[in-house]
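A quick write-up on the structure given underneath.
Readers should treat all values here as calculations from the given coordinates under stated rules, not as data from a laboratory. Because the structure is predicted, anything quoted here is derived from the model rather than measured. Glycine also receives a Cβ, built like all others from the backbone with ideal geometry; neighbour counts cover every protein chain displayed.
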Amino acid sequence: MERTLKEGDLVTYKKLNPRNIDLEIGDIVVASHPKTKNKLIIKRIHRIYQNKFDLRGDNSLSSTDSRELGLFELDLIIGKVDKIFSN
């Protein structure tokens, strides 16, 4: 699959509402990197297992995602991408 985001693109996102978690397979989310402090990543929800998420990059051949990092806990998901502004 071709990348949805390209270098230089800007995104806006809506922070998750802890009282109403509205995440679905296919959503693009902003998450805290589980192994690198203060680093954010943007990935697509591939699968949901209760409150754990399999996040994948659209370019599967070169993406660092759940296949390498493992499932993402809900508390690592910061928000859902709202808009993408192509550069």
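Restricting to the range 25-40, name every residue that is surrounded by 14 or more Cβ atoms within 10 Å (Cβ to Cβ) and more than 15 Å from residue 84 (Cβ to Cβ).
Result: 31, 32, 33, 34.
If I filter the range 48-66 down to residues being among the aliphatic types (A, V, I, L, M) and surrounded by 11 or more Cβ atoms within 10 Å (Cβ to Cβ), which single residue comes out as nearest to residue 34 (Cα to Cα)? Before the answer, list the steps.
As a first pass, look at the range 48-66 and keep what is among the aliphatic types (A, V, I, L, M): 48, 55, 61.
Then keep just the ones that are surrounded by 11 or more Cβ atoms within 10 Å (Cβ to Cβ); that gives 48, 55.
Details: 48: 17, 55: 12 Å.
Within the range 48-66, the match that is nearest to residue 34 (Cα to Cα) is 55.
Surrounded by 11 or more Cβ atoms within 10 Å (Cβ to Cβ) and acidic (Asp, Glu): is that true of residue 22 in this structure?
Here the answer is no, as residue 22 does not meet what is asked.
Any idea which of 69, 10 is surrounded by 12 or more Cβ atoms within 10 Å (Cβ to Cβ), on the phi < 0 side of the Ramachandran plot and more than 12 Å from the chain's Cα centre (by Cα)?
69
Please count how many residues of the range 34-80 are part of a loop (DSSP other than H, G, I, E, B) and free of Cβ contacts under 8 Å to residues at least 40 places away in the same chain.
14
Considering only residues that are under 16 Å from residue 57 (Cβ atoms) and outside any strand (DSSP E or B), which ones fall in the range 9-33?
Hits for the range 9-33 are 9, 25, 26, 27, 33.
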